[in-house]
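The values are calculated or read from the model by the stated rules, or taken from the named source; none is laboratory data. Source: prediction; values computed, not measured. Cβ coordinates were reconstructed from backbone atoms using ideal geometry, including for glycine residues, and neighbour counts include every protein chain displayed. Please note that ligands, DNA and RNA were not included when accessible areas were found on the heavy atoms of the full protein model with its side chains. Shrake-Rupley method; radii C 1.70, N 1.55, O 1.52, S 1.80 Å.
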Amino acid sequence: MSSTLPLPFFGGTCTKAAFSFSLKSSSPLVPFQRLQLFRSTSRTTTRIRSSLFHSLKAKATAELVQDKESGVVATGKPVVEHSRTFIEARSEQELLSGLRKEVDAGRLPPNVAAGMEEVYQNYRNAVFQSGDPAAVGVVLSNMTVAFDHWLLDVEDPFVFEPYHKALREPFDYYMFGENYIRPLIDFRNSYVGNLSLFYEIEEKLKQGHNVVLISNHQTEADPIIISLLLEKTNPHIAENMIFVAGDRVITDPLCKPFSMGRNLLCVYSKKHMYDIPELAEMKRKANTRSLKEMALLLRGGSKIVWIAASGGRDRPDPFTEEWYPVPQGMSILWLYCAMTSCPLRDR
């Protein structure tokens, strides 16, 4: 999907000792990013991805509950023999035929395979529009790795802790996300506005302050896009930013490998708290644990946290089809509890 909207950030600082928070900046400027993506995403993809997400969400959430209750973490699970069908593919034909092979073998659910193929087609079309002469190789290389890790998570689902630190080894999920999204950005028409504020942020972090970026939210790839636009000027911010993440990006198998490469505070959306009524209590307890984790992180100082104030992504107006930031939601209240008067602060 193409976007030319600015992605504004409204910065605030939190002092390490007193947890006081202010949305007032020492500068009248507001840092922002203007992004241009190569167009690709179709409505068909949206329908498939939505169907895929809802059909797998109950299973993934149930697995998360089971692992939490049994005390088993991802690294303690039995070793699953991983199929090398995708990683050994040397052409588009071999890669896509591998989907049918894995479905027939019973290792890949048909709806997941359909979602993977649809993502492949859209990714290929978008990268080809960039005009990169190496586009064929870029698509095959990136989608081979993506297919392999999507299958890996179906075989052996990864479970996120309330505070998840980016996995950089033995496989570097951070660079996987960077390399995957990089070809989708039209860097010639994208830029970071008021870049000086990011240098100011770096100085605040060095002094032990916490910095919170409150932003509108447009795509699930926003964390990676932010890192890519800051990687040359502010690599410390790019790699160490912590993102407040909803349950979709930690349960959807097509999102999870990208999420595994980010520093995340994982929360369950109030909007979907009762989608599976018997899991509502587990979700509330998980949110409490995440809140405690955030309070502990901020007490340590020198943390930078990104949060979507609305708790969700921007949507176009149904009548004008113009994009606009959605209203602030529960995320602001959640942040306020973590940083100021929440009774969990002293527990």
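In Å and whole numbers, how far do the C-alpha atoms of region 82-156 stretch along each principal axis, longest first?
Each principal axis gives a Cα extent; for region 82-156 these are 38, 22, 20 Å.
Dipole magnitude of region 82-156 about its Cα centre, charges +1 at Lys/Arg Cβ and -1 at Asp/Glu Cβ only, in debye to the nearest 20?
160
Can you send over the carbon and sulfur percentage of the accessible area for region 82-156, probe radius 1.4 Å, protein chains only?
Taking all protein chains in place, region 82-156 shows 51 percent carbon and sulfur surface.
Cut-off under 20 Å on the C-alpha distance; same-chain residues fewer than 8 positions from LYS303 excluded. Which aspartates and glutamates are left, in chain and number order?
Once the sequence-local aspartates and glutamates are set aside, what remains near LYS303 is GLU161, GLU200, GLU202, GLU203, ASP222, GLU231, GLU239, GLU293, ASP346.
Can you list the trypsin sites (Lys or Arg not before Pro) in region 162-244 that are in a DSSP coil and have 15 or fewer other beta carbons within 10 angstrom? Show your work: numbers first, answer last.
Details: sites: LYS165, ARG168, ARG188, LYS204, LYS206, LYS232; in loops: LYS165, ARG168, LYS232.
Answer in residue order: LYS165, ARG168, LYS232.
Using modelled backbone amide H atoms (1.01 Å from N, in-plane), which distant-in-sequence or interchain residues come within less than 5 Å of GLY208's amide H?
Amide H neighbours of GLY208: SER302.
Can you give me the accessible area per residue for region 115-249, using a 1.4 Å probe, in Å²? Show your work: numbers first, answer last.
Details: 5360 Å² over 135 residues.
Accessible area per residue: 40 Å².
Across the Cα atoms of region 144-266, what radius of gyration and what greatest pairwise Cα-Cα distance (Dmax) are found, in Å?
Over region 144-266's Cα set, Rg and Dmax evaluate to 15.0, 45 Å.
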